[in-house]
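The values are calculated or read from the model by the stated rules, or taken from the named source; none is laboratory data. Computed from a predicted structure; not experimentally measured. Cβ atoms come from the backbone with ideal geometry, glycine included; neighbour counts cover every protein chain shown. Side chains are part of the model used for accessible areas, which takes the heavy atoms of the whole protein and leaves out ligands, DNA and RNA. Shrake-Rupley method; radii C 1.70, N 1.55, O 1.52, S 1.80 Å.
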Amino acid sequence: MKSIERVAVLGAGTMGSRIAAHFANAGVQVLLLDLPTAGGDRNAIARKGLETARTQKPVAFYQGNAERLVETGNFDDDLGRLEFCQWVIEAVTENLGIKRALWERVAERAGTETILSTNTSGIPLSEIARGFSAKFQRQFIGTHFFNPPRYLHLMELIPGPGSDSFLLTQVRQFAERRLGKGVVLCKDTPNFIANRIGSFFGAAVYGATVEQDLTVEEVDALTGPLLGIPKSASFRLLDIVGLDVWAFVSKNLYDAVPDDPWREWFLPPPFMSQMVERGWIGEKKGQGFYKRVGPTKEIHAIDWKTLEYHPSKKAAFESVDATKPIADFGQRLQALVFGKDRVARFLWSVLRPLFAYSATMTGEICDRIVEIDRAMRWGYGHRMGPFELWDALGFRTVTTRMIEEGERLPPWIHEMLAEKAESFYRPADHLTFPRTEYFDFKHAMYAPLEERREVVQLSDLKRARGRVEGNAGASLIDLGDGVLCVEFHSKMNSIGQDGLQMLDRGVELLETRFDAMVIANQGENFSVGANLALLLMAAQDEDWDGINEMINAFQQSMLRIKYAPRPVVAAAFSRALGGGCEIVLQSHRVQAQAELYIGLVEVGVGLIPAAGGCKEMVIRFEDPMKGFEMVGQAKVSGSAAEARELGFLRAEDRISMNPDFLIHDAAEFALQLKGDYQRSQQRTDIAVGGEPAYARMRLAAWQMKESGLISDHDFVIGEKLAFVLSGGRLAAGTLVTEQYLLDLEREMFLSLCRAAKSQERIQYMLKNGKPLRN
């Protein structure tokens, strides 16, 4: 893989500054350039872009000190420095003339081996590179990042008219490993893949809205998580992106595809054009399809027929409510789409053209259906791409209905029917090795997906090999090479008896069958903590002995993984909160995904950590006040890099940029640890702060209460937390055991479970998903 240690980003606007920030996140030095300004600070535009990337939410940097890797400059004074950069990325405004003029200047100064790429979202590379030298064209490619680059996984890789194929491979490898990107190879067509299909999908939604007379709120309810799409859904997404931006993209696409049979779909409906004319273009102007009104910031939604606002109304559909108990996403979607009500009519009127358009564009915008599905999942956050959705609804059922209704489908779809194909994707496991095939439309046959050893899919492993053992809440999976995986798959990966049972069993198998263990899963979160519903029921039943046994079991499981006979690595990602954090803290090592939001947040539900979280704060921080602030303020990291700064991760722990590589990286890490691993014993020499530390922490909590920063019950929680973190009423420096601290944790936890206000907090969290400060 080509060594890339210094890049230049040309253009410090929204995209350029955030691309620069993400390279800095990856530890790469960046030269961020923009137009010079008259007067004192000629780099003011670039500095402003960098400041915006640092301060505007979502924040572009993993941690504050990453910004030091970005140096600012301007096009007039600093283009000569491009010869020292291995990669130059142009991210100026979407104007062909401006881009070409800048590239003419860059071509004279860039090094002979420098990668030259444009971040255009849709201008053909052939237009940008026309007339440039053969050398330039060999070095020139498209690298379309999606905004915000830190959070959206997709990078579209587009060959230019003369791009060197080896260079494309190098960029792909670097983007996947160092930048953490999911790379999709596109053809040089207008809007490439994701925005071409995404724009059409949006057009289908807006057209169906008008045709079927649905409200903005109803459409967003039907095109969000219900359809496997983020909560921003459709109209809310437009408010975030900006209606002006969407109109610009749609108009450009309309102009660029004169031969597209669906071209007219890209014209915005009249009501959207009127909103743009009025300046109602979304969040950046304070109103779009939604706006906040009055001192209470009540959300109002627009009536697209009158362009008048009204208090937003929660959409209600009987069929949606009726299908909620169906756990399987595909089965639930089938029940909704193949129904007879207006929900079914709307969903079918959106999905049918999406499927037809995606099938028709395959071949023109990419060489495989795989790229379209990945682009929509990685770039738009969809749970499934179009062909995966088609499969989920039933390939033959959907296709037959589309043909009966007169839908235009390309010949290769009819060939699939003739070949008796049942799906676009199918498992084709070889012995115990998972393998997936996709339908190759060019050859009218199934072909294997590329095998990527870095990409581990636990569901595929279970399908091919079965489970070592398992229950309803967790599974033990053989990852190969002597590595065992404990996978949680309870709701939100909360930790209950089932999960602890599999953790304990996994440790037992380390004694005899496996060389290392990884704690991992592929849900939305690593773990949101203990099962609060179960705890609340026990507290309301006053089953204190049962709660004591439950917490003791959790504590003992944590000690087992901490002192396991072989290394245990936690593959932590997304949210690792409460009990999930305690698992991470007590694993031998951690392989964290870069987007890790970890913290001990129990005070939000009126409790304190009781599965070793407090104990680990005492062990990790010499000053107990640090642990008191971490737990008492429920601090949660904004990234894995920040988790290391806070102390949730240690220097020896590792970070994976690419979420797709996380489990593989964790397994490799665990095997590397195997050779030098020595099983240790529980600590008996932990020095605690004792009475003086308790008094200091209690005073801090009292001052906060007196200042009105915390409630009376918060103070009660703070007192009990201080008691544990200080080791109780002991002399400063007294040595205690880990079990002593665990007993204190459990004692204080139980006392808080008895408190009515803590039970109110737990109940409120379960009902509303946010903390109650009572």
Intensity falloff of the chain expressed as log10 I(q)/I(0), Debye formula with alpha-carbon point scatterers, at q = 0.07 Å⁻¹: -0.58
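Could you state the accessible area per residue of region 141-273 in Å², with a 1.4 Å probe and every protein chain left in place? Each step should come with its number before you reach the end.
Numbers: 4460 Å² over 133 residues.
Heavy-atom SASA per residue in region 141-273 reads 34 Å².
Per the helix-only calculation at 222 nm, which mean residue ellipticity applies to the chain, given -39500 (n - 2.57) for every DSSP H run of n ≥ 4 and division by its residues, nearest 500 deg cm²/dmol?
On the way: 32 runs with 349 residues, N = 774.
-13500 deg cm²/dmol, from helical runs alone.
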Give me the percent of the accessible area of the chain that comes from carbon and sulfur atoms, probe 1.4 Å, all protein chains in place. 50 percent
Span per principal axis, largest first, for the Cα atoms of region 17-100 (Å): 34, 30, 25
Alpha-carbon radius of gyration plus Dmax, which is the widest Cα pair, for region 725-774 in Å: 15.1, 43
Note on the chain: contact order normalised by length, alpha-carbon pairs under 8 Å, 6 or more apart, percent, works out to 8 percent
In degrees between 0 and 90, to the nearest 10, how far off the longest principal axis of the chain does helix 14-25 point, with axes built from Cα atoms? 40 degrees
Where the centroid of each part is defined by its Cα atoms, how far is region 605-633 from region 525-563 in Å? 17 Å
Rolling a 1.4 angstrom probe over the protein chains, ignoring ligands and nucleic acids, what is the accessible area of residue 306 in square angstrom, nearest 10? 70 Å²
Which of rounded, prolate or oblate describes region 306-349 when judged by the alpha-carbon gyration tensor and an a/c cut-off of 1.5? prolate
Along Cα→Cβ, 7 Å out, is where each label goes; now give me the distance between the ones at residue 443 and residue 138 in nm to one decimal. 3.1 nm
Candidate lysines for bridging to residue 705, where Cα separation is under 20 Å - those fewer than 8 sequence places away on the same chain excluded: 626, 635, 720, 757
Cα coordinate range in region 610-749, projected on the principal axes (Å, largest first): 50, 34, 22
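Got a sec? What order do 505, 463 fall in by accessible area at 1.4 Å, biggest, i.e. largest, first? Don't jump to the answer; show the numbers that get you there.
On the way: 505 75, 463 95 Å².
Sorted by accessible area, descending: 463, 505.
With every protein chain present, what is the per residue accessible area of region 398-538 (1.4 Å probe, Å²)?
Numbers: 6920 Å² over 141 residues.
Roughly 49 Å² per residue, with all protein chains present.
Could you tell me the relative contact order of region 18-129? Use alpha-carbon pairs under 8 Å, at least six residues apart, and round to a whole percent. Please list the in-between numbers first.
On the way: 147 pairs, mean separation 27.9, N = 112.
Result for region 18-129 is 25 percent.
Report the extension gain between residue 409 and residue 680 in nm, rounded to one decimal, defined as 0.36 nm multiplied by the number of residues separating them, less their alpha carbon distance. Kindly include the intermediate steps, with their values, before the conclusion.
Values: separation 271, 0.36 × 271 = 97.56 nm, distance 6.42 nm.
Extending this stretch completely gives an extra 91.1 nm.
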For region 376-515, the spread of Cα positions along each principal axis, largest first, Å: 61, 30, 27
Let's test the formula: R0 of 56 Å, r as the Cβ-Cβ distance of residue 734 and residue 383. What FRET efficiency results, to the nearest 0.05? 0.60
Send over the Kirkwood Rh of region 587-654, from the inverse of the averaged 1/r over different Cα pairs, rounded to one decimal Å. 12.3 Å
Taking Cα atoms, how many degrees apart are the long axis of helix 243-256 and the longest axis of the chain, rounded to 10 and kept between 0 and 90? 40 degrees
Calculate the spin-label point distance for residue 652 paired with residue 760, positioning each point 7 Å from the Cα along the beta-carbon direction, and give it in nanometres. 4.6 nm
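Given +1 on the Cβ of Lys and Arg, -1 on the Cβ of Asp and Glu, and no further charges, what dipole in debye does region 604-761 carry about its Cα centre, rounded to the nearest 20? Mind dumping the intermediate values first?
On the way: 19 positive and 23 negative charges, 74 e Å.
For region 604-761, the charge dipole is close to 360 debye.
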Between residue 712 and residue 77, what is 0.36 nm times their sequence separation minus the Cα-Cα distance? Round to one decimal in nm. 222.6 nm
What's the magnitude of the charge dipole for the chain around its Cα centre, counting Lys and Arg as +1 and Asp and Glu as -1 at the beta-carbon? Answer in Debye, nearest 20. 680 debye
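Taking N as the number of residues in region 293-441, what is its Cα Rg relative to 2.2 N^0.38 Å? Kindly include the intermediate steps, with their values, before the conclusion.
Values: Rg = 19.1 Å, N = 149, 2.2 N^0.38 = 14.7 Å.
Rounded to two decimals, the normalised Rg is 1.30.
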If you average the sequence gap of Cα pairs under 8 Å that are 6 or more apart and divide by the length of region 340-393, what percent do you get for the contact order? 27 percent
Accessible area of residue 246 in the full protein assembly, 1.4 Å probe (Å², nearest 10): 40 Å²
With everything on Cα atoms, drop me the angle between helix 497-510 and the longest principal axis of the chain, reported from 0 to 90° to the nearest 10. 90 degrees
